[in-house]
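Before we start, here is the structure in question, set down as structure tokens.
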Amino acid sequence: MSSSRTDPTGGARTIVVGVTGGIAAYKAVSVIRSLVLLGHDVSVIATEAALRFVGKPTLEAISRNPVNVDLYEGVSEVRHVSIGQSADVIVIAPATANTIAKLAAGIADDLLGNTVLASTAPVVLAPAMHTEMWGNAATVANVARLRERGMTIVGPGVGQLTGSDSGAGRMSEPDEIVAAVLLALAPRDLEGRRILVTAGGTREALDPVRFLGNRSSGRQGVALAAAAAARGATVTLIGANLEVAPPPGVQTVEVVSTADLAEAVNEQAPGHDTVIMTAAVADYRPRFVAEGKIKKEDQGESLTLDLVRNPDILSDLAASKRPDQIIVGFGAETESDDEALLALARAKIARKGSDYLVVNRVGWTSGFSLPDNDVVVVDSAGDIVKTAAGSKSTVAHRILDLLVRPTSQ
Ligand code: C5P
């Protein structure tokens, strides 16, 4: 299957998307499309009711596979068993109150119900229904029962419903559902690990209203924190002026300046076995921070800033690390030549003393704020140990692959 992106969890997987009969079925099309674009093989099972809301040709075109509906079609292939067995994950979006009730009772009166019963794959449900139906004691009990059995329930959100009213019951947005599916697919190979990630860019105050900063959005660091949590690690994120929301389930500490970041890192690092310094840290700060706003009337035609060096948090951390700790640094460079970039990376890791250095090229139009990244990772000997390109989530997973410790048999 051709795709401009790769799967962040390691290779194309087989995903069964169950679509049931709710108006939110139109949003299932976006879920399917995102999963296909991530490189997965997506097989749709629609209920008869779902096809009243969204057409089979749409689901087939977007999933790039035939859509299965009828339990009595392809009986010789024992389709409900074969689809269920091949699934790496089953996601049902939207999951109506009726489908949830049937799943809770183990009823298999259609292809989707049979497939879920015949599968051992993780199941993700995105409920969508009216507020009263979601709050009904029967639904509450059914959802609790499915949770107990290990199914993941995403949402529902609170917001505008199909009619003019709003409340709880609105299906979660496609991105959230896709994230839950990827989470269900992720290997749990970082369980027991404690990983500290710094993300974003520090700001050094000039006066009460101005600062010296950089263009780091925090996307790569947040993707690393999310991916590490998905793979079972306990994650702390130190976020410096993040432009994106921190991932759920990750303890987050907010900082502004390099001094704040240094304080937070020094406090947190001892409690973690791995520290990933993704944050773009200001190398210099103003020697003096003006008490009041700096005014051009007082400065005239030019203004000279007096800057002093900030401590290098990464070098200090690497110099004082415990033998069991792994320290990963990041280096953003504007060098365009590959060999010269590698030479810079080797010099930097020698200077910093970290175990790994992730190097990426940045420029006016690359690196910061963009959804994709392209990195080379060198180890302390200066050897290239990984190259990765794709979404920041993909790159995060490939970096984390380096940190997995072999299991003792
Ligand atoms: O030297 P450079 O700024 O390129 O190094 C980048 C790496 O060092 C990043 O991992 C960044 O978080 C870290 N760093 C730091 N303290 C500084 C400057 C950078 O920890 N003052």
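Find the residue count for the range 337-352, including only residues that are touching a residue at least 24 places away in the same chain (Cβ under 8 Å) and within 14 Å of S315 (Cα to Cα). Spell out how you get there, then give the answer.
At the first step, the residues of the range 337-352 found to be touching a residue at least 24 places away in the same chain (Cβ under 8 Å) are 341-342, 345-346, 349-352.
Checking the rest, the ones that are also within 14 Å of S315 (Cα to Cα) come to 349-352.
Residues in the range 337-352 being touching a residue at least 24 places away in the same chain (Cβ under 8 Å) and within 14 Å of S315 (Cα to Cα): 4 in total.
Same structure again: Answer yes if at least one residue in the range 79-91 is among the aliphatic types (A, V, I, L, M), within 18 Å of K27 (Cα to Cα), open to solvent by less than 50 Å² (accessible area, probe 1.4 Å) and assigned to a helix (DSSP H, G or I), and no otherwise. Steps first, please.
Residues of the range 79-91 that are among the aliphatic types (A, V, I, L, M), as a first pass: 81, 83, 87, 89-91.
With the extra rule that they be within 18 Å of K27 (Cα to Cα), the set shrinks to 90-91.
Those still in the list that are open to solvent by less than 50 Å² (accessible area, probe 1.4 Å) too: 90-91.
Right, trim to assigned to a helix (DSSP H, G or I) and you get none.
Taking every residue of the range 79-91 in turn, none turns out to be among the aliphatic types (A, V, I, L, M), within 18 Å of K27 (Cα to Cα), open to solvent by less than 50 Å² (accessible area, probe 1.4 Å) and assigned to a helix (DSSP H, G or I).
Out of the residues in the range 268-291 that are part of a helix (DSSP H, G or I) and within 23 Å of S216 (Cα to Cα), state the one that is farthest from the ligand (Cβ to nearest atom). Step through it out loud before you land on a result.
Within the range 268-291, the first condition is being part of a helix (DSSP H, G or I), and the residues that meet it are 268-271.
Okay, now just the ones that are also within 23 Å of S216 (Cα to Cα), so 268-269.
Details: Q268: 14, A269: 11 Å.
Within the range 268-291, the match that is farthest from the ligand (Cβ to nearest atom) is Q268.
If you take the residues of the range 348-363 that are surrounded by fewer than 16 Cβ atoms within 10 Å (Cβ to Cβ) and more than 10 Å from the ligand (Cβ to nearest atom), which of them is nearest to I384 (Cα to Cα)? Talk me through it step by step, then tell me what you get.
Restricting attention to the range 348-363, the residues satisfying the condition of being surrounded by fewer than 16 Cβ atoms within 10 Å (Cβ to Cβ) are 350-351, 363.
So of that shortlist, the ones also more than 10 Å from the ligand (Cβ to nearest atom) come out as 350, 363.
Numbers: A350: 14, G363: 22 Å.
Filtering the range 348-363 for residues that are surrounded by fewer than 16 Cβ atoms within 10 Å (Cβ to Cβ) and more than 10 Å from the ligand (Cβ to nearest atom), the one nearest to I384 (Cα to Cα) comes out as A350.
Looking at the range 292-307, can you tell me whether even one residue there is within 30 Å of L237 (Cβ to Cβ), within 15 Å of the ligand (Cβ to nearest atom), in a loop (DSSP other than H, G, I, E, B) and touching a strand residue (DSSP E or B) at 6+ places or on another chain (Cβ under 6 Å)? Walk me through how you get there before you give the answer.
Quick first cut of the range 292-307, residues within 30 Å of L237 (Cβ to Cβ) only: 307.
Among the residues that remain, those that are also within 15 Å of the ligand (Cβ to nearest atom) are: 307.
From the residues that got through so far, the ones that are in a loop (DSSP other than H, G, I, E, B) too are none.
For the range 292-307, residues within 30 Å of L237 (Cβ to Cβ), within 15 Å of the ligand (Cβ to nearest atom), in a loop (DSSP other than H, G, I, E, B) and touching a strand residue (DSSP E or B) at 6+ places or on another chain (Cβ under 6 Å): absent.
Sticking with this one: Going by what's in this entry, would A290 be described as closer than 19 Å to S315 by Cβ, assigned by TED's automatic domain parsing to the domain that holds T198 and not β-branched (V, I, T)? Explain how you work it out, then say what you get.
Numbers: closer than 19 Å to S315 by Cβ: no; assigned by TED's automatic domain parsing to the domain that holds T198: yes; not β-branched (V, I, T): yes.
Answer is no for this residue.
For (1) in a helix (DSSP H, G or I); (2) aliphatic (A, V, I, L, M); (3) open to solvent by less than 30 Å² (accessible area, probe 1.4 Å), each residue gets a yes or a no:
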| residue | (1), (2), (3) |
| --- | --- |
| V44 | no, yes, yes |
| A93 | no, yes, yes |
| K102 | yes, no, no |
| D109 | no, no, no |
| V116 | yes, yes, yes |
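Out of the range 257-267, which residues are near the ligand (Cβ under 8 Å from one of its atoms) and open to solvent by 10 Å² or more (accessible area, probe 1.4 Å)?
If the condition is that a residue be near the ligand (Cβ under 8 Å from one of its atoms) and open to solvent by 10 Å² or more (accessible area, probe 1.4 Å), then A262 is the only one that fits.
Something else: Mind listing whichever residues of the range 322-342 are in a loop (DSSP other than H, G, I, E, B), open to solvent by 60 Å² or more (accessible area, probe 1.4 Å) and away from the ligand (no atom under 12 Å from the Cβ)?
Passing the criteria: R322, P323, D324, S336, D337.
The values are calculated or read from the model by the stated rules, or taken from the named source; none is laboratory data. In this text, all values refer to a predicted model and were calculated from it rather than measured experimentally. Every residue, glycine among them, receives a Cβ derived from its backbone with ideal geometry; neighbour counts consider all protein chains shown. In case anyone asks, the SASA skips ligands and DNA or RNA and just uses the protein heavy atoms, side chains included. Shrake-Rupley method; radii C 1.70, N 1.55, O 1.52, S 1.80 Å.
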